[in-house]
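For reference, the structure discussed in these notes is given below.
The values are calculated or read from the model by the stated rules, or taken from the named source; none is laboratory data. What you are looking at is a predicted structure, and each value in this text was computed from that prediction instead of being measured. FYI the Cβ positions are ideal-geometry reconstructions off the backbone, even for glycines, and counts take in every protein chain you see. With ligands, DNA and RNA removed, areas are computed over all heavy atoms of the protein, side chains included. Shrake-Rupley method; radii C 1.70, N 1.55, O 1.52, S 1.80 Å.
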Amino acid sequence: MAIKHILKSRLGFGAAPLGNMFRAIPEEEALATVEAAWKDGIRYYDNAPFYGAGLAEIRMGQALVGKPRDDYVISTKVGRIVLDEIDSAPRDNGEKGEVFKHGRPNKVVNDYSEAATYRSIEDSLTRLKTDHVEIVWVHDVAQDFYGDEWLGKFEEARKGAFRALDRMRDEGMIKAWGLGVNRVEPIELLLALEEARPDGFLLAGRYSLLDHDRALQRVMPTVAERGLGIVVGGPYSSGALVGGPNFEYAPATPAILAKVAAIKAIADRHGISMKAAGLQFALANPAVAAVIPGASRPERIAEDGAALREVVPVGFWRELRKQGLVNPAAPLPISD
């Protein structure tokens, strides 16, 4: 089933911060953040075993238990198994580095086989305290995590996870599946396969105000044409767009900081927030079904909701386009 027909809200909750992303988040703060999202009307929650070696799923399960299960949608990911044993060796997380160094110390094994796909979902259901998830993304089969080996991992997923998830969806165990990646190329590759039938994609960091050219040219038109849908993750580009120090899980470069400053100068002139600019830009593309900013504090949830409702003057978008800060072909929330 196409993603856009499953999601219950266009603003979702990205759970990566619940896995102690970048910092150790107190338990009560993590639970309060999910509760704040619920109270603000968010009904789509995205998670993954990778986020803190299961910590994000455990916390989300605890926070959502007791909520009417038919009222919200959960997506999680496959490709990694969290073991009970402690991992004493340094983790190789590709470009994501030590982003979850404050998470649980459990060993995480990368495995995209059919058997691992079933096991991963079963383990996630236990951590999430639920009997089903609606959407499953195949996680990180891309060059940012596996470097030159990524095509081999993609092939492993093609023979294993893709076929297993097609079967699960056809049997009614899940409603939809696709890739959850930080790169455009794996989506292009999957769209070109005849035997796999994905329902949509979670694309993180590649369709933001700061970085959207490649996605716009190479995947958005095809996804829209097929009636599938993109969930946009990382709309604030790891925080860089809203004044944070990181872009793509690493310190932002001078070029990125200069682009942020240029966009913010225009936003300030029009009296709007950078969050409103980021969220509303992403949602203006007809291929985008939802956007899922991550949040680790309750007050951030309120900011995201307010940003979505904020009235952004047409002049802001026109000035962005005039100054070449957005791709000329990018759909904007204006009629011209």
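Restricting the search to segment 31-55, which residues are in contact with a strand residue (DSSP E or B) (Cβ under 7 Å, 6 or more places away or on another chain) and over 15 Å from residue 73 (Cα atoms)?
49, 50, 53, 54
Would you call residue 85 open to solvent by 40 Å² or more (accessible area, probe 1.4 Å) and part of a loop (DSSP other than H, G, I, E, B)?
Details: open to solvent by 40 Å² or more (accessible area, probe 1.4 Å): yes; part of a loop (DSSP other than H, G, I, E, B): no.
Answer is no for this residue.
I need a count of the residues in segment 36-57 that are open to solvent by less than 60 Å² (accessible area, probe 1.4 Å) and either closer than 21 Å to residue 302 by Cα or among the β-branched types (Val, Ile, Thr) (or both). Can you show your working first?
We begin by selecting, within segment 36-57, every residue open to solvent by less than 60 Å² (accessible area, probe 1.4 Å); these are 36-38, 40-57.
Checking which are either closer than 21 Å to residue 302 by Cα or among the β-branched types (Val, Ile, Thr) (or both) leaves us with 36-38, 40-47, 56.
Total satisfying the criteria: 12.
Report whether or not residue 222 is free of Cβ contacts under 8 Å to residues at least 40 places away in the same chain, in contact with a helix residue (DSSP H, G or I) (Cβ under 7 Å, 6 or more places away or on another chain) and polar (S, T, N, Q). Break it down into steps so the answer makes sense when it comes.
On the way: free of Cβ contacts under 8 Å to residues at least 40 places away in the same chain: yes; in contact with a helix residue (DSSP H, G or I) (Cβ under 7 Å, 6 or more places away or on another chain): yes; polar (S, T, N, Q): yes.
For residue 222, the condition - free of Cβ contacts under 8 Å to residues at least 40 places away in the same chain, in contact with a helix residue (DSSP H, G or I) (Cβ under 7 Å, 6 or more places away or on another chain) and polar (S, T, N, Q) - is met.
Looking only at segment 40-61, which residues are assigned to a helix (DSSP H, G or I) and at pLDDT below 95?
Kept after step one, since they are assigned to a helix (DSSP H, G or I), are these residues of segment 40-61: 55-61.
Across segment 40-61, there are no qualifying residues.
Please enumerate the residues belonging to segment 217-244 that are part of a helix (DSSP H, G or I) and surrounded by fewer than 21 Cβ atoms within 10 Å (Cβ to Cβ). Explain how you work it out, then say what you get.
Within segment 217-244, the first condition is being part of a helix (DSSP H, G or I), and the residues that meet it are 217-218, 220-225, 240-242.
Hits for segment 217-244 are 217, 218, 221, 222, 224, 225, 242.
When segment 168-189 is examined, which residues are found to be closer than 17 Å to residue 206 by Cα and among the aliphatic types (A, V, I, L, M)?
Filtering segment 168-189 down to residues closer than 17 Å to residue 206 by Cα leaves 178-189.
The answer is 179, 181, 184, 187, 189.
Please verify whether residue 145 is of a type in the set (A, V, I, L, M, F, W, C), over 21 Å from residue 4 (Cα atoms), in contact with a Gly (Cβ under 9 Å, 6 or more places away or on another chain) and assigned to a helix (DSSP H, G or I), treating the condition exactly as stated. Can you show your working first?
Details: of a type in the set (A, V, I, L, M, F, W, C): yes; over 21 Å from residue 4 (Cα atoms): yes; in contact with a Gly (Cβ under 9 Å, 6 or more places away or on another chain): yes; assigned to a helix (DSSP H, G or I): yes.
Judged against the criteria, residue 145 is a match.
Out of the residues in segment 98-153 that are farther than 28 Å from residue 188 by Cα and β-branched (Val, Ile, Thr), which is most open to solvent (accessible area, probe 1.4 Å)?
Going through the qualifying residues, I end up with 126.
Which of the residues belonging to segment 302-317 are assigned to a helix (DSSP H, G or I) and more than 13 Å from residue 279 (Cβ to Cβ)? Reasoning before the result, please.
Narrowing segment 302-317 to residues assigned to a helix (DSSP H, G or I): 302-309, 314-317.
Listed by number, the residues that qualify are 302, 314, 315, 316, 317.
Which one of 266, 256, 187 is touching an Asp or Glu at 6+ places or on another chain (Cβ under 6 Å), among the β-branched types (Val, Ile, Thr) and in a helix (DSSP H, G or I)?
Numbers: 256 fails: touching an Asp or Glu at 6+ places or on another chain (Cβ under 6 Å); 187 fails: touching an Asp or Glu at 6+ places or on another chain (Cβ under 6 Å).
Result of the check over 266, 256, 187: 266.
Tell me, please, whether a residue that is touching a residue at least 60 places away in the same chain (Cβ under 8 Å), outside any helix (DSSP H, G or I) and among the aromatic types (Phe, Trp, Tyr) can be found in segment 100-115.
Among the residues of segment 100-115, at least one is touching a residue at least 60 places away in the same chain (Cβ under 8 Å), outside any helix (DSSP H, G or I) and among the aromatic types (Phe, Trp, Tyr), which makes the answer yes.
Here are 15, 37, 2, 53: which of them is more than 23 Å from residue 140 (Cα to Cα) and of a type in the set (Gly, Ala, Ser)?
Working: 15 fails: more than 23 Å from residue 140 (Cα to Cα); 2 fails: more than 23 Å from residue 140 (Cα to Cα); 53 fails: more than 23 Å from residue 140 (Cα to Cα).
Answer to the selection: 37.
For the condition surrounded by fewer than 17 Cβ atoms within 10 Å (Cβ to Cβ), over 18 Å from the mean Cα position of the chain (by Cα) and not β-branched (Val, Ile, Thr), what is the one hit in 195, 156, 188? So that I can check it myself, show each step before the final result.
Details: 156 fails: surrounded by fewer than 17 Cβ atoms within 10 Å (Cβ to Cβ); 188 fails: over 18 Å from the mean Cα position of the chain (by Cα).
None of the other options fit; the residue is 195.
Any idea which of 265, 252 is buried (at least 20 other Cβ atoms within 10 Å of the Cβ), without any contact (Cβ under 8 Å) to a residue 24 or more places away in the chain and over 28 Å from residue 136 (Cβ atoms)?
On the way: 265 fails: buried (at least 20 other Cβ atoms within 10 Å of the Cβ).
Residue meeting the stated conditions: 252.
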